[in-house]
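Scroll down for the structure; my scribbles are underneath it.
The values are calculated or read from the model by the stated rules, or taken from the named source; none is laboratory data. The structure displayed is predicted, hence computed values, not measured ones. Don't worry about glycine lacking a Cβ; one is built from the backbone with ideal geometry, like all the others, and counts go over all protein chains shown. All accessible areas refer to the heavy atoms of the entire protein, side chains included, with ligands and DNA or RNA removed. Shrake-Rupley method; radii C 1.70, N 1.55, O 1.52, S 1.80 Å.
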Amino acid sequence: MSESAIKVFVDGATNYFLHSSDEDVKIGAPYLLENTSPLAFDYTGIIGVTGPQRGTVYFTAPRILLKHLLMSLGENDTSNANILDLVGEVANTISGNARAEFGHEFMISVPVMLEGPPGNIHLPESLRSYVIPIYWKAYSAAVVVCMEL
Amino acid sequence: MYKLLVVDDSSIIRRKIERCCDVKRFNIVGLAQNGIEALTLFQTHSPHVVTMDLTMPQMGGIDCVAAMIRENKDVRILVVSALADVETGIQALELGARGFLCKPFSDAELKNALNELVEGQSV
């Protein structure tokens, strides 16, 4: 993936947190990760991508970050159901916003939400993923992009 | 008072739109999580205004917008979606939606979009 393509997702993540909270978000330096050990925190929202670019974009975060993000959004209910909804919505928003750069043919799925360890995420081992670290409040999360271009 | 139908597969977004609505201006008559539920509520309540997500399971927002306009060409539909490309916006407007608000949105942006929609301005 090109630097400009990664920047699309960096900007998407930054934009989401800026709209959702008064606290600054910091984006770390993206890095490549082998798909044999996908990165995942407590909850993950996964978007499938088809079209000229094919692959997966996901947002993964610890429960505590998602709980605080829910409260920033005005939600008092921090139940599992709401946390899963949020992680899917964040993934959906970042992926959907990427269409502004990649165009109408960048087709995204409805999100799939997962709870649990990295073993629940299976990515093509022939590819590698870009991990975009996110730091918000005292917590870490990530957007992970695995696409054939 | 305008009857409002909110359509989004995310309950967080549905509640956010609910909270943002000016209760003196909008009466929420239904909350739907996909296009099929939305059409049922649309036929039951005949809302004046609809907020419509696009990426939803079972029936997406583009098909739902088209179906609603076929039933009532005067309904004012505000598409609220993360799909940020120009072509999607044009597609929705050509089908009959009156406005497009891109996610993520602030409370103020949504309020302004809904108010402009009912005041007859393009959003």
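Couple of notes before you dig in:
- Gyration tensor (alpha-carbon) shape descriptor, chain A, a/c threshold 1.5: prolate
- For B:LEU39, neighbours were defined as the other residues whose beta-carbon sits under 11 Å from its Cβ, and their charges (Lys and Arg +1, Asp and Glu -1) total -2.
- Cα gyration tensor shape of segment B:1-72, rounded if a/c is under 1.5, else prolate or oblate by comparing a/b with b/c: oblate
- Total accessible area lost when B and A pair, probe 1.4 Å, Å² to nearest 100: 1800
- Mean ellipticity per residue at 222 nm, deg cm²/dmol - from DSSP H runs of n ≥ 4 across chain B, formula -39500 (n - 2.57): -13000 deg cm²/dmol
- Complex-versus-alone comparison for segment B:1-15, residues with a loss of 10 Å² or more in accessible area, probe 1.4 Å: B:ASP9, B:SER10, B:SER11, B:ILE12, B:ILE13, B:ARG15
- With the helix formula -39500 (n - 2.57) applied to DSSP H stretches of n ≥ 4, chain A reaches a computed 222 nm mean residue ellipticity of -10500 deg cm²/dmol.
- For chain A, excluding the exposed loop sites themselves (GluC sites (Glu not before Pro), DSSP loop, at most 14 other Cβ atoms within 10 Å), the longest remaining stretch covers A:24-104.
- Three-way shape label, the protein assembly as shown, alpha-carbon gyration tensor, a/c 1.5: prolate
- The residues of segment A:26-144 present an accessible area of 42 Å² per residue when probed at 1.4 Å with all protein chains retained.
- Accessible-area composition of the protein assembly as shown, carbon plus sulfur, in percent [1.4 Å probe]: 50
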